[in-house]
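Let me begin by presenting the structure, written as structure tokens, before commenting on it.
What follows draws every value from the coordinates through simple rules; no lab data is involved. In this text, all values refer to a predicted model and were calculated from it rather than measured experimentally. Here Cβ is always computed from backbone atoms with ideal geometry, including for glycine, and neighbour counts include all displayed protein chains.
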There are 2 protein chains.
Amino acid sequence: MSDTPQGPRLLPLLDALPPERRDAARNRVALLQAAERLVDHCGVEAVTMDAVAAEAGVGKGTVFRRFESREGLMAALLNHSETEWQAAVMSGPPPLGPGADPWERLITFGHSRLETVLHHADLIRAAGRAGSRSYAAYSFSVMHVRYLLHDLGVTGDLPLLAVALLAPLEAPILDQQVRIEGFDVERIHRGWVDLARRIVGR
Amino acid sequence: MSDTPQGPRLLPLLDALPPERRDAARNRVALLQAAERLVDHCGVEAVTMDAVAAEAGVGKGTVFRRFESREGLMAALLNHSETEWQAAVMSGPPPLGPGADPWERLITFGHSRLETVLHHADLIRAAGRAGSRSYAAYSFSVMHVRYLLHDLGVTGDLPLLAVALLAPLEAPILDQQVRIEGFDVERIHRGWVDLARRIVGR
DNA sequence: CAGCAAAACGGACCGTGGTCCGTTTTGATT
DNA sequence: AATCAAAACGGACCACGGTCCGTTTTGCTG
């Protein structure tokens, strides 16, 4: 909710680009708050661009200028929770955060990601390409898993192996398995651990 | 292009539900042909419901009655090529079709799937949920891989392992890797073979 | 062939995402 | 304080997906 226009920047590193005008900043937070209010009041479906504009008391054009598109707005919304999660992974308590051994961290990571994705499934879907992919969550996760695999002494094309581990946790696949085929979440998690075991080579 | 209203039915098995009226059938093929013409003439983007209706010389309502939605129409379009591919896998020449040993079939399958998905990337994307998932391609692929894994003597939760093998070949992931991160297709394939090796345990 | 009910047709109509451009706000400069 | 250019604003406007309902076609039945 306090993102800068350029998205989450964990190390601010004094931006070179011109700052935001005050009205622009004011409207950004008004819009995000309005959108959030709409989301957990009427569901993601109800978050219509006109509705958000009205709820925030601004013109429709403003919404698009700030967030590019509906997907962009959804991505911004997603970013809020994603950033918290990211912080938990990078600097929270073990075994998700640093401190535990890499294998335990990996398993915990998988479980946590699974839950998070399922929890935000509809928001992720609404965010489309602007969401998990091309942005925060995705590249961060790849980086993190890649790092854990390295720590575990895995050899091979690490970026690709990381993606292989992450792909079955993507929203569309999970959606299909849980909502349509009715798989138990617990079973999916066990399956993922098995996959990790095979990839890591234990 | 010659799909029945219920989609591809490889064994016709004398449908119990009432047949299609002649005008309906005529319009279905007219619409599919019109859509196909538009696709490879102006690209998927240009396939607007109004445009298809106009091109086929029917009313817009008819398009929706036949295909439910734009995604449904795209899925129907996809189905054409998917069905051919499916046939090649099930009864074409080895090593993709039956005859080769399971490992070789699996590798060939991966390669073929990779190419196919990339080739139809935009159509798949336009088909959304109605496309690969919940339909022909997806469940067929899972089934096939599951079967090959079984043949290879792999033990464990086979449906889940099959999904793990298929997930990295899904369109959004491939799109990201190839179009955005600029990975070489050859590299992705090598990575997939490595993944298969680890899962199968060679 | 006439009559009829069911099914299909077609296009007017609506909501929503997205664009455009004339008007207003902001903040730097004198 | 007065001025001004850059940036932001807002809402009219457009295109496209999707629905609805009065009209037409189909193919049965007598």
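General observations
- Per-pair calculated FRET efficiency, R0 = 51 Å: B:GLN33 and A:VAL29 via Cβ, rounded to 0.05: 0.50
- Placing R0 at 45 angstrom, the Cβ-Cβ distance between A:CYS42 and B:LEU17 gives a FRET efficiency of 0.70 after rounding to 0.05.
- Amide H contacts of A:PHE183 (H built 1.01 Å from N, under 5 Å, at least 5 apart or other chain): A:VAL178
- Rough spin-label spacing in nm, given labels placed 7 Å along Cα→Cβ, for B:GLU104 and B:ALA51: 4.5
- Helical contribution to [θ] at 222 nm, DSSP H n ≥ 4, -39,500 (n - 2.57), averaged over chain B, rounded to 500: -20500 deg cm²/dmol
- With a Förster radius of 25 Å applied to the C-beta separation of B:SER91 and B:HIS189, the computed FRET efficiency comes to 0.55.
- Where labels lie 7 Å past Cα in the beta-carbon direction, separation of B:GLU181 and B:PHE64 in nm: 4.1
- Kirkwood analysis of the protein assembly as shown, using all unique Cα-Cα pairs, places the hydrodynamic radius at 23.4 Å.
- Ascending distances from the B:ARG179 label point to its copies in the other chains, with the point 7 Å along the Cα-to-beta-carbon line: 2.3 nm.
- Within chain A, the whole DSSP H helices whose Cα atoms reach 18 Å or more along their own axis and whose mean Kyte-Doolittle score is at least -0.5 are A:22-42, A:70-91, A:102-119, A:136-151, A:185-200.
- Net charge over other residues, Cβ less than 13 angstrom from the Cβ of B:ALA46 (K, R count +1; D, E count -1): -4
- Rg ratio for region A:70-200: its Cα radius of gyration over 2.2 N^0.38 Å, N being its residue count, equals 1.02.
- Once Rg and the Kirkwood radius are both taken over the C-alpha atoms of region A:139-202, their ratio Rg/Rh works out to 1.02.
- Inter-chain Cβ neighbour average for residues A:166-178, partner chain, 10 Å: 5
- Inter-part distance, region B:142-178 to region A:158-197, computed on C-alpha centroids, equals 11 Å.
- Shielding score for B:118-128, defined as the mean number of other chain Cβ atoms within 10 Å: 0
- Take every Cα pair under 8 Å whose residues are at least 6 apart in sequence, average their separation, divide by the length of region B:45-202, and the relative contact order is 21 percent.
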